[in-house]
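Throughout, read-outs are computed from the coordinates displayed, never taken from laboratory work. None of the values given here were measured: they were computed from a predicted structure. Every residue, glycine as well, gets a Cβ built from its backbone with ideal geometry; the counts of neighbours run over all protein chains shown.
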Amino acid sequence: MKQWLQKINEAWQKARELPYIGRSSFAVAIVLLVISMMTGWHRTHPDDGVDMAMQQAQQAQMDVPEGILVLSRVLPYLNLWVQLGVPVLLLVVWRRWGDLRRLMLPATISSVSIALWSIASELVDYIAHAHMTEIGEPPVPVAFAFKLACIALVYLSVPFVLHYYRRIGVLERYTLRTFLHPLVFCFVSFFTLWIIMDLLDNMKDFQESKVGPLRVISFYLSMIPFVYTQILPAALLLAVLYSLTRMSRANELISMLGTGRSLLRVLSPIFLCGIYACLLNMAANYYWGPRAEGNREAVFRAMSVHAADSIMASQIMFHDEQSHRTWYVGTFPFSMRSGAERMHEVQIREETKDGQPLRTIIAPSVGWSSRNGWRFYDGKELIYENGSVVDIRTFPKDRNGQPVLQVPGIEETPWSLVSYALRPDFMGVPELLSYLRAHPKAADDKLAPFRTHLWHRFALPWQPMALLLVAAPLGVAYSRRGSVGGIAVSVFLFFIFMFTNNLFLNLGKGGHLPTWLTVWIPHMIFGGLGLVLFYYRSANRDLPSFKLRLFKKKSAPQIARPRNRRTAGASAT
């Protein structure tokens with residue numbers, strides 16, 4: 001057995017040391033890409049999003065946007081390049097692991113390729129719904145441009161991080177490795193615990209809905225942005241405390257300070273790593289984190305009622321005073337991008353200005369698109385005259401033999417129906433801006449939660465940085481006695497920070513404080529406290545201690561008495 005293991009290890013090492021395998025595989029991928037361009041790959045293997053957008057335009061008898069035509073020729077080759085590049089990248093990383101100089105070029109090429117592919121995929125959906133999105137809310141171009149900037153930040157930052165790690169010195173690299181090891185361990189541990197706890201709570205729903213293991217895995221992979229935003233503050237706090245306490249006990253910090261470096265320069269790799277983690281947190285919390293959380297709630301809501309689609313809202317009642325229509329929607333899907341996802345149990349009642357009924361449409365399922373309007377399936381249409389039903393009509397059948405009633409004259413959109421039932425907790429920045437733009441004349445108390453969460457999307461990612469500023473000086477101890485107390489104070493301040501953040505968030509949602517200010521108050525309080533503590537620690541001064549003397553009794557002055565009685569007697573005589 002040992003001989004076989006030794007042979008396998010030798011074969012593994014020889015495979016890693018074979019020359020020109022990475023370059024050869026990269027050249028083969030380029031040759032295959034060129035051959036696919038020459039044979040017209042984009043005609044035989046179109047992108048799904050582009051194909052759907054072109055079909056919608058043809059069904060609506062509209063011209064296909066020029067941007068969609070350009071992306072229809074480019075995006076299939078980007079899909080092919082990413083599919084070919086993933087195994088090549090894994091092969092190159094396996095062979096060049098540990099050599100940063102040789103990893104820079106493949107990391108840069110892969111980052112740029114994935115960034116272009118992701119941005120092109122997002123552009124397809126935006127151009128297809130340039131005037132109105134999938135459920136009818138007004139799009140915000142500035143928010144979409146910032147979304148593309150977040151995508152570019154996530155992917156294009158990888159080569160810069162590798163370049164920074166390559167250029168720093170030995171001491172900075174050691175400090176960064178000492179900090180990254182517990183940080184990665186905390187991330188993996190917290191994410192695993194979160195999945196286990198969530199599975200224990202929802203395993204019954206998965207089993208009753210007969211969900212396969214692949215779908216469960218894809219579901220939890222989609223939850224990574226949301227979980228990252230939730231566990232980053234605790235993971236960063238524990239990693240800072242563990243790494244700095246360990247370095248303090250081993251007198252490594254004192255040795256680094258003895259070389260003439262300041263405390264800020266010694267801890268600069270940790271601060272830069274925290275800033276980078278907060279930037280990634282801002283990109284995740286901008287759109288994908290709240291979207292994943294809302295999708296999670298919608299999926300489990302659908303499982304509870306055994307629905308095929310994910311449910312964003314249920315039992316919606318909406319009345320339009322201008323058109324005199326009253327809507328009732330039983331379940332509203334999380335996404336209406338494809339025709340397969342529809343609203344269910346829909347009833348529409350049209351009335352005159354005097355309140356007399358004109359028409360009622362009852363349909364088990366309803367679809368909508370920005371080009372084709374409303375389509376009601378498998379239902380009935382009731383016609384009224386003088387307040388009584390005079391005719392009951394079944395829906396006409398389409399080419400496929402399915403009863404469908406198409407009503408293009410209805411001005412309401414799905415966004416009009418569901419917007420007042422939405423929760424700002426599950427909305428990203430584009431959805432929040434669309435909501436505020438669609439309801440400019442709503443009451444301030446109604447808009448306050450949405451405005452607060454809009455600012456909270458930009459303030460929440462920087463909570464870990466405020467906690468890092470507090471934990472760093474408390475984790476640094478120049479003696480062995482000060483580490484335990486610093487850790488205890490840091491954990492206590494963590495819970496105080498979370499309580500303060502929720503308190504001010506609720507004050508902003510209730511309209512008691514300005515929305516733009518309330519979400520930043522905890523950051524300013526604890527960030528300022530962290531800067532003061534860091535100043536004391538960098539100046540080698542003891543941290544300030546606060547003692548309460550409100551209920552302490554003042555001791556009465558006592559007369560000093562001599563210890564020796566003989567001396568006291570002699571003095572008396």
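Tabulated data for the structure shown
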quantity	calculated
Relative exposure of 345, 10, judged by other C-beta atoms within 10 Å (fewest first)	10, 345
Cut-off under 5 Å, modelled amide H: who pairs with residue 358 long-range	350, 351, 352
Interchain or long-range residues, amide H under 5 Å from residue 313's placed H	332
Karplus-derived HN-Hα couplings along the range 165-171 (A = 6.51, B = -1.76, C = 1.60, θ = phi - 60°), whole Hz, x at Gly and Pro	5, 6, 8, 6, x, 5, 5
Proximal aspartates and glutamates relative to residue 204, as straight alpha-carbon distance under 19 Å, when same-chain residues fewer than 8 apart are discounted	297, 309
Over the range 21-167, relative contact order from alpha-carbon pairs under 8 Å, at least 6 apart, %	27
Relative exposure of 140, 329, 532, judged by other C-beta atoms within 10 Å (fewest first)	532, 140, 329
Within the range 82-118: backbone nitrogen closer than 15 Å to the residue 23 label point (7 Å, Cα to C-beta)	92, 96, 102-103, 105-106
Of the trypsin sites (Lys or Arg not before Pro) in the range 406-496, those whose Cβ has at most 10 other Cβ within 10 Å and which sit in DSSP loop	441, 480, 481
Whole-Hz couplings from phi, Karplus 6.51/-1.76/1.60, listed for the range 266-271; x for Gly and Pro	5, 8, 4, x, 5, 5
Sorted by Cβ density within 10 Å, fewest first, the residues 172, 252	252, 172
Under Karplus coefficients 6.51, -1.76 and 1.60, residue-wise ³J(HN,Hα) of the range 147-163 in Hz, glycine/proline x	5, 5, 5, 5, 4, 5, 4, 5, 8, 6, 6, 4, x, 5, 5, 5, 5
